[in-house]
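All remarks here apply to the structure that follows.
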Amino acid sequence: MTTTLQGTAVLVTGASSGIGEATALLFAQHGASVAIAARRKDRLDELAKKIEAAGGKAHAIEADVTRKDNAQKAVDETVAAFGRLDTLVNNAGVMLLGPIVDADPAEWDRMISLNVQGLLYCTNAALPHLLRAAESEPRRVADIVNISSVAGRVARAGSGVYNASKFAVGAFSESLRYEITKRHVRVSLVEPGAVVTELSSHNRPEIREMIAQRFQSAERLQAEDIADAIAYIVTRARHIAINEILVRPTEQEL
């Protein structure tokens, strides 16, 4: 365990699996107190025990961040548990692919609700605490890390609304950065390519098969690879802001 983030607190959304889980584990190794939020409380409890068994501090929060009151609750519980909030990792998201023609708008609603509104709610609730942390020791800097996707850069047939949700994350992140960068709250965007997580499992069977075929011969990234990029951003010195990181498997073209 290092002490790079000793004395700081982080809130990671979507922490019950995948990138969120890997990020929580890595931040705890860096010495941060870690609040982990998601809907699956049983998984959060297991993760918290794992962090604590390794000597870290963790607080599990059952929350559906598509609900404004739950997003506020996640932030409030983090501050109540650790006395502060220095880093917000907006990781919760869903990817439901398929053609726009004859699509089920319920899938669109689900993506916009989580990928966009959930991120907005959490950011809104966290900002007063992050601005305060940026003015105080031990680091005098705070971070918002928003997890987007390659889909936030390149639009493709069959992923139109997912593209729209992730393009929105990019636009929001850059606009917010202009507002608060001089107050030493850094806003960063991480755009993963193909990663081995549960993300594709929420799709219809035919879409899952399409995704599997696309990447069947390529070595995809692991959740830990993206966690490493997130930790790199947050552990930079106060005068360094990493605004954007695009991380793709070596063999992924688009």
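The values are calculated or read from the model by the stated rules, or taken from the named source; none is laboratory data. Computed from a predicted model, the values in this text were never measured in an experiment. Please note: Cβ atoms are built from the backbone with ideal geometry, for glycine as well, and neighbour counts cover all protein chains shown.
For the range 128-155, give me each residue that is among the hydrophobic types (A, V, I, L, M, F, W, C) and either in contact with a Gly (Cβ under 8 Å, 6 or more places away or on another chain) or surrounded by 20 or more Cβ atoms within 10 Å (Cβ to Cβ) (or both).
Leu130, Ala133, Val141, Ala142, Ile144, Val145, Ile147, Val150, Ala151
What are the pairs, 6+ residues apart or on separate chains, where a residue within the range 60-75 that is within 21 Å of Asp45 (Cβ to Cβ) and among the charged types (D, E, K, R) has its Cβ under 6 Å from a residue that is part of a helix (DSSP H, G or I) and at pLDDT 95 or above?
Qualifying pairs under 6 Å: Glu62/Lys41; Asp64/Asn70.
Take Asn115 and decide whether it is in contact with a helix residue (DSSP H, G or I) (Cβ under 8 Å, 6 or more places away or on another chain), in a helix (DSSP H, G or I), within 30 Å of Glu209 (Cα to Cα) and of a type outside the set (A, V, I, L, M, F, W, C).
So Asn115 passes the test.
Looking at the range 50-91, which of the residues that are assigned to a loop (DSSP other than H, G, I, E, B) and of a type in the set (Asp, Glu) is surrounded by the fewest Cβ atoms within 10 Å (Cβ to Cβ)? Reasoning before the result, please.
So the first thing to find is which residues in the range 50-91 are assigned to a loop (DSSP other than H, G, I, E, B), and the list is 54-56, 63-67, 83-86, 91.
After this cut, where a residue has to be of a type in the set (Asp, Glu) as well, the list is 64, 86.
Numbers: Asp64: 17, Asp86: 28.
Ranking the qualifying residues of the range 50-91, first place goes to Asp64.
Do you know which of the residues in the range 120-153 that are touching a residue at least 60 places away in the same chain (Cβ under 8 Å) and part of a helix (DSSP H, G or I) is nearest to Ala37 (Cα to Cα)?
To start, the set of residues in the range 120-153 that are touching a residue at least 60 places away in the same chain (Cβ under 8 Å) comprises 122, 126, 133, 137-141, 143, 145, 147, 150, 153.
Still in the list and also part of a helix (DSSP H, G or I): 122, 126, 133, 150.
Details: Cys122: 11, Ala126: 14, Ala133: 20, Val150: 24 Å.
Step by step, filter the range 120-153, then rank; the result is Cys122.
From the list Glu244, Glu209, Glu219, pick out the single residue that is acidic (Asp, Glu), under 30 Å from Ala103 (Cβ atoms) and at pLDDT below 95.
None of the other options fit; the residue is Glu209.
If you go through the range 165-188 one residue at a time, do you hit one that is modelled with pLDDT of 95 or more, under 15 Å from the mean Cα position of the chain (by Cα), basic (Lys, Arg) and not in a helix (DSSP H, G or I)?
yes
Could you list, in sequence order, the residues of the range 1-18 that are under 14 Å from Gly93 (Cβ atoms) and without any contact (Cβ under 8 Å) to a residue 60 or more places away in the chain?
Ser16
Which residue pairs have Cβ atoms closer than 6 Å, lie 6 or more positions apart in sequence or on different chains, and pair a first residue in the range 19-45 that is assigned to a helix (DSSP H, G or I) with a second residue that is charged (D, E, K, R) and surrounded by fewer than 24 Cβ atoms within 10 Å (Cβ to Cβ)?
Taking only residues 6 or more apart or on different chains, the pairs are Ala22/Glu224; Lys41/Glu62.
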